[in-house]
1. For residue A:75, indicate whether it is assigned to a loop (DSSP other than H, G, I, E, B), more than 28 Å from residue C:302 (Cα to Cα) and under 31 Å from the mean Cα position of the chain (by Cα).
2. Could you list, in sequence order, all residues of segment A:30-53 that are open to solvent by 30 Å² or more (accessible area, probe 1.4 Å) and either in a loop (DSSP other than H, G, I, E, B) or among the small types (Gly, Ala, Ser) (or both)?
3. Of everything in segment B:9-21, what is more than 14 Å from every other protein chain (Cβ to nearest Cβ) and open to solvent by 10 Å² or more (accessible area, probe 1.4 Å)? Give them in sequence order.
4. Which residue out of B:145, B:207 is among the aliphatic types (A, V, I, L, M) and either assigned to a loop (DSSP other than H, G, I, E, B) or touching a Gly at 6+ places or on another chain (Cβ under 6 Å) (or both)?
5. Scan (1) in a helix (DSSP H, G or I); (2) open to solvent by 40 Å² or more (accessible area, probe 1.4 Å) for the single condition residue C:201 breaks and write down its number.
6. Taking the criterion of being away from every other protein chain (no Cβ under 14 Å), modelled with pLDDT under 95 and outside any helix (DSSP H, G or I), would at least one residue in segment A:336-348 satisfy it?
7. Read through the list (1) crowded, with 17+ Cβ neighbours inside 10 Å; (2) in contact with a strand residue (DSSP E or B) (Cβ under 9 Å, 6 or more places away or on another chain), then give the number of the only condition that residue A:160 fails.
8. Checking residue C:89 against (1) over 22 Å from residue C:259 (Cβ atoms); (2) part of a strand (DSSP E or B): exactly one of these is not met. Which one?
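The values are calculated or read from the model by the stated rules, or taken from the named source; none is laboratory data. Since the structure is predicted, the reported quantities are computational estimates derived from the model, not experimental observations. For neighbour counting, all protein chains shown are included, and Cβ atoms are generated from backbone atoms with ideal geometry for every residue, glycine included. All accessible areas refer to the heavy atoms of the entire protein, side chains included, with ligands and DNA or RNA removed. Shrake-Rupley method; radii C 1.70, N 1.55, O 1.52, S 1.80 Å.
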Amino acid sequence: MFLKNTWYVACTPDEIADKPLGRTIAGEALVIYRATEGVAALEDFCPHRGAPLSLGRVCEGKLVCGYHGLEMGCDGKTIAMPNQRVRGFPAIRAYPAVERHGFIWVWPGDAAQADAALIPDLHWANHPDWAYGGGLYHIRCDYRLMIDNLMDLTHETYVHANSIGQKEIDEATPVTKVEGEHVITSRHMEGIMAPPFWQMALRGNGLPDDQPVDRWQICHFNPPSHVMIEVGVALAGRGGYHADPKDKASSIVVDFITPETETSIWYFWGMARNFQPQDEALTAKIREGQGKIFSEDLAMLEGQQANLSRHPGRKLLGLNTDAGGVQARRILDRLIAAERGESVAAAA
Amino acid sequence: MFLKNTWYVACTPDEIADKPLGRTIAGEALVIYRATEGVAALEDFCPHRGAPLSLGRVCEGKLVCGYHGLEMGCDGKTIAMPNQRVRGFPAIRAYPAVERHGFIWVWPGDAAQADAALIPDLHWANHPDWAYGGGLYHIRCDYRLMIDNLMDLTHETYVHANSIGQKEIDEATPVTKVEGEHVITSRHMEGIMAPPFWQMALRGNGLPDDQPVDRWQICHFNPPSHVMIEVGVALAGRGGYHADPKDKASSIVVDFITPETETSIWYFWGMARNFQPQDEALTAKIREGQGKIFSEDLAMLEGQQANLSRHPGRKLLGLNTDAGGVQARRILDRLIAAERGESVAAAA
Amino acid sequence: MFLKNTWYVACTPDEIADKPLGRTIAGEALVIYRATEGVAALEDFCPHRGAPLSLGRVCEGKLVCGYHGLEMGCDGKTIAMPNQRVRGFPAIRAYPAVERHGFIWVWPGDAAQADAALIPDLHWANHPDWAYGGGLYHIRCDYRLMIDNLMDLTHETYVHANSIGQKEIDEATPVTKVEGEHVITSRHMEGIMAPPFWQMALRGNGLPDDQPVDRWQICHFNPPSHVMIEVGVALAGRGGYHADPKDKASSIVVDFITPETETSIWYFWGMARNFQPQDEALTAKIREGQGKIFSEDLAMLEGQQANLSRHPGRKLLGLNTDAGGVQARRILDRLIAAERGESVAAAA
């Protein structure tokens, strides 16, 4: 159960740099590639004999089927085929696709409703003061289990006990609020010692690393399944999250969760930071560390999914720490119902 | 089709020495661990969000969920969770579990009927004159195919042709008798030369290894699926199985067959011997040899299961050599019917 | 949907040289082996306890079950079993099997209709002027997708772009004709330069390799699923395919496509050539090259099958280049309907 009329992150530019990419997004098997007109997404199904177009190649900005050379337009209409008239060939489905903020976005639903203005504005993606590094995991779980995971960081204490987890996270009660379709779960820890990552960041901003700090984690959920987490530390008593930039260090944990099927996801994770943005070695080091830490969630999420698949009727608890995920699911339920209601109305 | 109201061997103490173990026993997905109160077995499902508890850890004798730190009691009731009141949390199912004779035993059925006195008495497991070594295999076959295998050792001549098989086994007709729920299939070979394993055992008991011996294999089936095989040799003409201990060498092949699903098993195999029990190198050597020999059965059992799954209606033959397995199945059929009948009566 | 009352290539003599072979042919799980009476094919199911006979061995020309030593005749009747009377044992199904032309042929349907005279006559297989080399691939696709592949060699330009593909193939229009149950798709290229393989063949026949040639590809489909492709070059203007043997070099691409299941095949590929037939190093070199080239089709065929399985109702195009495959499918449809009709009549 996922939204169809929405923008999902489908891949990174790297993934289509030199050949088309086959990828299932929200149940739709797509071929994504870079055409003369820009990025394009089509059904991964050649109208000639059903071969996957993703096994083909891009020649002079056109997608060419790797089986018999059919040349496909990014509108889903066949352009040409050796020795054939192609006018009567059936079209395949084309999906709106946009490159923006360093990602390729795809709209798997009704193309008529696709509006590039609905792609979220990621200020850090296009600003010289910020650097970004990230990666991609394929995980066999419902995308909502990953939303739950990210909206309740108490799991850090247990899943990431040897890296970023610390008892203080567990002890600080999170607060969740809902603003329209936006869910915010905040947790503040005051007067604690900064863990190693934040000591490094403090030094990077010319601040002392051996004094108490105020630390925050502010998780933002936005539909369909984007979770951005503002994280940072400020010297204790300077206003915490609201402290003057010269007194703090901060970054954003970036999570685009793209459903593949009902029980699997493409998980685009990363970190945007606004300290030492030119330091590419630091970007690589952070990415490597984050990659290791985030991989610790995989076994848990897949085990949880296996358990839930085995016991589909079983009711889970919704505690105060779960409020972020619970509120996100409520918004999703409402939007999915609306989307399906509209479809019904449109069909009637 | 297997019994539920019975004790199965679920694991060895080693397997839960430093972390909880997830294992499906007779269709029940369990987490097994060592609690302060002793060994414990619970549903492998955290009541909070359905995470597998087997991915957690044991802290100070309590099972702690590896996702958000819920602390579980061995009665299936939540003890605590950081920053939460847990009184209203639903309990998960707890299964009777007992450590005895060097194994962890679990009762997957109705806990009210579990009685530790029903665990079989393994005299060799707790006696200084005996040594035990063994291992565990996972095999994709109905547990009854393994009972058949062990109650008809004519297969040794073919499956184990290069190790323990010998033509004399094939030529000696086995005799099967049933005593209540106990099936015994015996085979005696007289005046033959001892194979290498038994030559070694004879020497270990201070007996000559180059003289004719009488050899025996006495297979004991007991429900639910335990097969113990008394094996040994005596100097020829001294009474065979009944010979005076000073004239013979013997051991017990130990087989606990624990159904996982309808078509897969956990197979705990081993050998208990009463010669040179202090010789640990010998124990290791026997275990290694037995492990290799018993692994030769895997492909056959899995191939047989695949064939039977493909032809579920097809009738198999029950020859005189199959009598042990056939009688064991009859007892199982009767006990399973009784168990299900009782359940029906209890529900009515 | 495949024919059952027909001869399929089941394996090569090598595959049963020293042990029985388990292989599913047209949905029938067989054990194939070399008996005293010649090659034999039986159900891969021991009548005793259902073990796969293919895990057994051949002793003195008889198949012996690897589990309990049952000895099976190549008529499907049990010959003997240690210490047992076998007269009442149920027979298993025996399948007609013939060794001819360097292959083992099996008839998976009604044995009464099997006639060895229906095995195709492969003149090159038994003639000293010809040499043959080939291999076997297992591919997860409907056997008809491989027929399509081989009856439309335009795919060479795309799938085999880096080896045998060349633009001229694409530019020459193929002609398809049907003669009874025989489909022929021909393509002729005139006055082109010979690609490396044919340069070598020309030299082998004492002909110049640097002059224009006429080249041909003549694909022959015969039921159930054999495709033989006559390929060759002649010095330009000497009559092409019909040129005098001294002015040309030619060979035959051999393809036996044996359905395993509805969506998987055993693909026996090879090349028969009538130049330098004694040169075994050349045979090995050609086989290696062909094996690499033919392996390039695997991903495409399996991807195409996956797409078609996902969209079973979707209609494919039948272009003029597809005519060979389309005609072959028509013949198959007719023969399969006839076979099923006969079966119905026989049952009535």
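1. In short, no.
2. Within segment A:30-53, A:36, A:37 meet the criteria.
3. B:12, B:13, B:14, B:15, B:17, B:18
4. Going through B:145, B:207 in turn, just one is among the aliphatic types (A, V, I, L, M) and either assigned to a loop (DSSP other than H, G, I, E, B) or touching a Gly at 6+ places or on another chain (Cβ under 6 Å) (or both): B:207.
5. Single failed check for residue C:201: (2).
6. yes
7. (2)
8. The failed condition is (2).
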